[in-house]
1. Yes or no: R213 among the basic types (K, R), modelled with pLDDT under 95 and either in the same structural domain as A132 (by TED's automatic domain parsing) or surrounded by 16 or more Cβ atoms within 10 Å (Cβ to Cβ) (or both)?
2. Determine which single condition V172 fails, assuming it passes every other condition in (1) at pLDDT 95 or above; (2) in a loop (DSSP other than H, G, I, E, B); (3) not basic (K, R).
3. Of the residues that sit in the stretch 148-179 and are in contact with a Gly (Cβ under 9 Å, 6 or more places away or on another chain) and of a type in the set (V, I, T), which one is surrounded by the most Cβ atoms within 10 Å (Cβ to Cβ)?
4. Which pairs do you get when a residue that is in the same structural domain as L257 (by TED's automatic domain parsing), found in the stretch 135-148, comes within reach of a residue that is part of a loop (DSSP other than H, G, I, E, B) and of a type in the set (A, V, I, L, M, F, W, C), reach meaning Cβ atoms under 8 angstrom, with the pair 6+ apart or on two chains?
5. Could you tell me whether E75 is surrounded by fewer than 16 Cβ atoms within 10 Å (Cβ to Cβ), among the acidic types (D, E), within 23 Å of D292 (Cα to Cα) and in contact with a Lys or Arg (Cβ under 9 Å, 6 or more places away or on another chain)?
6. For the stretch 36-81, give me each residue that is basic (K, R) and under 16 Å from I187 (Cα atoms).
7. With the condition kept exactly as written, say whether any residue in the stretch 165-181 is of a type in the set (F, W, Y) and in contact (Cβ under 8 Å) with a residue 40 or more places away in the chain.
8. Which of the residues that make up the stretch 53-65 are out of contact with any Leu (no Cβ under 9 Å at 6 or more places or on another chain) and at pLDDT 95 or above?
Amino acid sequence: MNEASHSPLAALSGAIANIVRGAHPSIVTVRSRGARASGFIWRPGLVVTADEALADEGPIEVTLANGERVAGTLEGRDATTDIALLRVDAPAALPVPLVSHPVDTGSLAIVVGGAGGNAIPALALVTHAGAAWKSLRGGAIDARIEIEAALRDSAQGALVLDAEGRAIGMAVFGPRRRVLVIPAATIDRVAATLDAHGKIARGYLGVGLQSVRIGSDAVGAMVMSVDADGPGAAAGIRQGDVIERFDERALEGLAMLVRELGPDSVGKCVRVAARRAGEPIAFEVTIGTRPDA
């Protein structure tokens, strides 16, 4: 046995290569109109990929790990968690078991994307591991995991594995191309719902809003339109009302409302404080389901 075989770097290199080889049979490439992404076999005949990297319409082609190209059918997509689910006719493709396992800041991770049947790996460092959070679009993400890695655009939807080779989530690009990991628990929950129902319900107030200033330092939302059949109209909200508080909290902008109207808000009764012609008024609104959700 030569001296090089005892090198810690050689041992690390071999371990990473083994992890990539183990993940490769489950890795796919996803092509849609003007877009290419990675993905992985989540369940037999089902592929998980990044919603953000999937075209809004048109045909979808999935290249399996053996290079075979098959058609993909969209089962459902959820922009709030960046998860899309595709169905493929690929009975021999191996699903990858996702593991909801704690991740430590400073630990190593391996990102494995796909390109035409080849595995495209990248070594990553976990720069943040935190508690559950809500995306800017109101999606409930079970853990905040950020990684530092040099990823090409087609790596969106790639599988993320820890140093033990356990599949812990999916790589996506966040604001300013920060690389986020959608954790296994979120993927399993959302993908199962998409498989069963084809969509994720989202909250709906039934009003069109525009951000307005209230005084020198507060923000409100002026009601520009009202869906006559929506929850807002049923509660008495009218065009021209200026919403100041939502669910007992001061409004911080329209982005706050988007986050609050996530899937878990449907059916919730909230108190909305507003002003009508300068006079305070309040409503009890039961949040509905967004019609296009």
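The values are calculated or read from the model by the stated rules, or taken from the named source; none is laboratory data. Given the structure is predicted, the values throughout are model-derived calculations rather than measurements. Don't worry about glycine lacking a Cβ; one is built from the backbone with ideal geometry, like all the others, and counts go over all protein chains shown.
1. Working: among the basic types (K, R): yes; modelled with pLDDT under 95: yes; either in the same structural domain as A132 (by TED's automatic domain parsing) or surrounded by 16 or more Cβ atoms within 10 Å (Cβ to Cβ) (or both): no.
No: the conditions fail for R213.
2. Result: V172 fails condition (2) only.
3. Initially, the stretch 148-179 is screened for residues in contact with a Gly (Cβ under 9 Å, 6 or more places away or on another chain), giving 151-152, 154-161, 165, 170-172.
Checking which are of a type in the set (V, I, T) leaves us with 160, 172.
Details: V160: 30, V172: 25.
Per the stated criteria, the residue is V160.
4. none
5. Here the answer is no, as E75 does not meet what is asked.
6. First pass over the stretch 36-81, keeping only residues basic (K, R): 36, 43, 69, 77.
Hits for the stretch 36-81 are R43, R77.
7. Of the stretch 165-181, the ones of a type in the set (F, W, Y) are 173.
The next check asks that each one be in contact (Cβ under 8 Å) with a residue 40 or more places away in the chain; those that pass are 173.
Yes - at least one qualifying residue is present in the stretch 165-181.
8. From the stretch 53-65, those out of contact with any Leu (no Cβ under 9 Å at 6 or more places or on another chain) are 53, 55-59, 61, 63-64; that's our starting set.
Residues satisfying the conditions are P59, E61, T63, L64.
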